[in-house]
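Encoded as structure tokens, the structure appears first; notes follow it.
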């Protein structure tokens, strides 16, 4: 008795139009990428285009094909994605229902996606995309607040920011806070106070040791656990004794990111 794979390759008889399989190309990407899926059937070769969105949202194209595919390969024709930026799924629908996922994984300039044999990987499996992101520069007397984007999963490797304090006398203490969109779930205090009229730099990271005071350059490091941040989670600050003229700079975040399909 032939196996399913044998049937996909050998029983490539033409279907009536209403029953023809539909090849579905889906993507989730943090940058715009143009793809081409080259499909081989007994009817010949088909080149099927697809363009991703650039905001991690789903983009999908459906193509009716005359019979079962013999083989296919997806590759980018424009754009330069790195591992963790562009996740592709190629599936086969039959009779209005998802029949089989042929292949899904990240693609980049060195790795295409093909079937057979067809890699079927989770979008949060393996290494992600490493990036440095500069956040929003808040106004004076305002806390830092950075919300994780939709369809992302991020690992915080480090966050660095400066605080310039006004002339009003007070001992300010900076606290880094992680919020899950509803509740605060983690607090890490700098452990040292910043007085009036100073510029100080704060670094929170799993890869640093705790400093109990600012160094001669005005820096302090604070260890935090390795944090995985889901879409909608917020990195923010709470500043004890904050004064009206106190002013944070834009945070600089080192991150590892995966796309949530």
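The values are calculated or read from the model by the stated rules, or taken from the named source; none is laboratory data. Note that the structure is a prediction, hence the values are computed from the model and not measured. Don't worry about glycine lacking a Cβ; one is built from the backbone with ideal geometry, like all the others, and counts go over all protein chains shown.
Identify, by number, the condition in (1) within 30 Å of residue 28 (Cα to Cα); (2) free of Cβ contacts under 8 Å to residues at least 60 places away in the same chain that residue 221 doesn't meet.
Condition not satisfied by residue 221: (1).
For every residue, the table says whether it meets (1) over 23 Å from residue 133 (Cα atoms); (2) modelled with pLDDT under 95; (3) crowded, with 19+ Cβ neighbours inside 10 Å.
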{"residue": "164", "(1), (2), (3)": "no, no, no"}
{"residue": "188", "(1), (2), (3)": "no, no, no"}
{"residue": "220", "(1), (2), (3)": "no, no, yes"}
{"residue": "245", "(1), (2), (3)": "yes, no, no"}
{"residue": "256", "(1), (2), (3)": "no, no, no"}
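Hey, among the residues in region 71-105 that are in a loop (DSSP other than H, G, I, E, B) and surrounded by fewer than 16 Cβ atoms within 10 Å (Cβ to Cβ), which one's modelled with the lowest pLDDT?
Applying the filter and picking the extreme gives 96.
Within region 126-145, is there a residue that is at positive phi and touching a strand residue (DSSP E or B) at 6+ places or on another chain (Cβ under 6 Å)?
no
Looking at (1) surrounded by 12 or more Cβ atoms within 10 Å (Cβ to Cβ); (2) under 25 Å from residue 234 (Cβ atoms), which is the only condition residue 183 fails?
(1)
Contact list please: Cβ distance under 8 Å, first residue in region 150-178 and in the same structural domain as residue 55 (by TED's automatic domain parsing) and at positive phi, second residue surrounded by fewer than 16 Cβ atoms within 10 Å (Cβ to Cβ) and assigned to a loop (DSSP other than H, G, I, E, B), pairs at least six apart or on different chains.
Close Cβ pairs (under 8 Å, with a partner that is surrounded by fewer than 16 Cβ atoms within 10 Å (Cβ to Cβ) and assigned to a loop (DSSP other than H, G, I, E, B)) do not exist here.
For region 106-125, name all the residues that are within 30 Å of residue 179 (Cα to Cα) and either in contact with a strand residue (DSSP E or B) (Cβ under 8 Å, 6 or more places away or on another chain) or buried (at least 17 other Cβ atoms within 10 Å of the Cβ) (or both).
106, 121, 123, 124
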